[in-house]
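Engineer: This is the structure I want to talk about, given as structure tokens.
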Amino acid sequence: MPSTIFYNKDNRLFGNPEDNKVHDITEEDIVQLWYYAEQDDGWAEAIKKEVTERDKALHQGHFKFDFLQDEMLMSQAGGTIHAMPFGLRIISFPSKRQLFRGEIQNFHHSLPSLNRIINNVTDEKEKELLRVIAYMRKWLFVRLIWKLNIVRYWAAKLSDVNYDALAQHYGLPTHLMDLTNDFRAALFFATCKYDARTDSYRPLTQEEIDVSEDTKYGYIFHVPDWCIDYFEGGGCMKWTSEHLYNKDINGKHGLMERFYLQSGDMDGVALQIGYQPLQRCHHQSGYIYPMRNTPCLQDDWHFEKLRFKQSERLSKQVFDLMDQGKKVFPYEGINELREYIEIIKHSVKFSNEDLQFAYEDDGVDKNIFPTLDNLKKSLVGYRIADGIITIQDELVDFIIPQELLDKVNSHYDDKDLLQEVGGVIHQRPEDREYFKKRCIEIYGELIP
């Protein structure tokens, strides 16, 4: 039976989204959605061509500049440096009009990993301590990947590094939920199983499908990007009206000084990760969706819920179509450092620098911990499942054997980075000046 599923004028698949129903779809529907994803590829390529022709005409003096149209095209085409509201400059990848998330079974309450860790904690001070520990582990991860040539070069020459997003994609707990603008990536994660022993994915077995009623079905969450994407009108406008302006004590309106990804400031807005020095994020066309204080996806009516029956055949077919997972979960240099990342996930030893970074750069609740010293006193000696927290003066460093570090770097050092980001980078003059300063900060001089 042919599929009758289609996107309506609002880019939804079903009417009455506020009903928040689960919609059963067939394998024919999945094939149709895959076809629509290929159409979205064509739409993105057409936008890129339009921007290329615009750049050529502008260079030749034949282009009439329209600021709003120009900004919209640049945000959709990819390859453009964008200053994000949480302080980073990213290189965008092409928009595709849709956002998805795939889950391999019915999890009932889909929440970010850090939400799940603190979900049963009732004391607000203890919740904030657990968050700070997760933030400090992120900063250990930052110190680890900063040893890689590509990370330093990328930060100096191409774009800021989104460490929160990388931490999320490489297994550290955060308040961020992964989304993608590619249905095929979402379908892969909804049909293929992660194997922690090999850090890779494989097809489902019938035995795994038959474990329970929940495992018999895969789920796809879908939302039109205009609803929540920061780069699109609806998502940006909603966030702006709710978060961008606040009132001071005199009742005057003003811009808030700073936003933080995991503090709740950016909740409910889908944010492009953009191209990053490590590959997993952009191979998955990855977005992050901050959810510190928002309901689970099942309770969020903006997301359409699509349910389908799992089968060994479907799982194997998707696995093969995605090149045994390599299209969305590539083997790369950072995989060689899994042992170190696992240590970081359970670390209880941190430095004063890690604590300071977490306090200043991660939006720690100053009502609970008004000073850094208050926070440190509460953390030192605090017991968690992994042990007792200690804070020391010396940096917690990771001594990687040079042979292993060379092996990791060899995965990245010969890459054509311009090709990795789609063949072009659109920089504004202020971006060029910013990265000149960053290059000097990192290398002490301007480098090619």
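Engineer: With the chain treated as a Gaussian network of Cα nodes joined by springs under 10 Å, which of GLU232, GLU38, GLU360 yields the largest mean-square fluctuation?
Structural biologist: Largest GNM mean-square fluctuation: GLU360.
Engineer: Among ILE150, TYR170, TYR289, which residue has its Cα positioned farthest towards the positive end of the charge dipole of the chain, with +1 placed on the Cβ of Lys and Arg, -1 on the Cβ of Asp and Glu, and the dipole taken about the Cα centre?
Structural biologist: ILE150
Engineer: Take the Cβ-Cβ distance between ASP10 and ILE388 as r, set R0 to 56 Å, and report the resulting FRET efficiency rounded to the nearest 0.05. Don't jump to the answer; show the numbers that get you there.
Structural biologist: Working: r = 53 Å, r/R0 = 0.94.
The formula returns an efficiency of 0.60 here.
Engineer: Using the Cα centre of the chain as the reference point, and only Cβ charges (+1 on K/R, -1 on D/E), how large is the resulting charge dipole? Debye, rounded to the nearest 20. Walk me through the numbers on the way to the answer.
Structural biologist: Numbers: 54 positive and 73 negative charges, 71 e Å.
Roughly 340 debye, rounded to the nearest 20.
Engineer: A further question on this structure: If the elastic network links every pair of Cα atoms under 10 Å, which of LEU140, LEU261, LEU379 fluctuates the most in the Gaussian network model of the chain?
Structural biologist: LEU379
Engineer: Next question, about the same structure. For ASP299 and ASP214 in one chain, what is 0.36 nm times their gap in residues minus the Cα-Cα distance, to one decimal in nm?
Structural biologist: Numbers: separation 85, 0.36 × 85 = 30.60 nm, distance 1.74 nm.
28.9 nm is the gain from fully extending ASP299 to ASP214.
Engineer: Let me ask something else. At a 10 angstrom cut-off on C-beta neighbours, averaged per residue, how do the peptides 211-221, 89-99 rank from highest to lowest? Before the final figure, lay out each step's value.
Structural biologist: Details: 211-221: 17.0, 89-99: 22.6.
Answer by packing, highest mean first, reads 89-99, 211-221.
Engineer: Testing the spin-label approximation: label points 7 Å from Cα along Cα→Cβ at ASN149 and LYS238. State their distance in nm.
Structural biologist: A separation of 4.5 nm, rounded to one decimal place.
Engineer: I've got another one for you. With semi-axes √(5λ) of the Cα gyration tensor in Å as the read-out, I listed [x] 33, 29, 25; [y] 57, 25, 22; [z] 34, 33, 20; which label goes with the value calculated from this structure?
Structural biologist: [x]
Engineer: Follow-up question, since we're still on this one. Of the peptides 158-165, 396-403, how do they stack up when ordered by the mean number of other Cβ atoms within 10 Å, highest first? Walk me through the numbers on the way to the answer.
Structural biologist: Working: 158-165: 23.5, 396-403: 11.6.
The densest-packed peptide leads the list: 158-165, 396-403.
Engineer: Still on this structure, please answer the following. Considering only TRP139, GLN39, GLN356, whose Cα is most displaced toward the positive end of the charge dipole of the chain, charges sitting on Cβ of Lys, Arg (+1) and Asp, Glu (-1)?
Structural biologist: So the residue furthest toward the plus end is GLN356.
Engineer: Further, regarding this structure: Which FRET efficiency, nearest 0.05, do LYS309 and GLN356 yield, Cβ-Cβ r, R0 41 Å? Provide the component values of the computation, followed by the final result.
Structural biologist: Working: r = 51 Å, r/R0 = 1.25.
Calculated transfer efficiency: 0.20.
The numbers here are math on the coordinates, done by the rules we state, and not lab data. Predicted model, so just to flag it, every value in this text is computed and none were measured. Note that we place each Cβ from the backbone using ideal geometry, even for glycine, and neighbour counts take in every protein chain shown.
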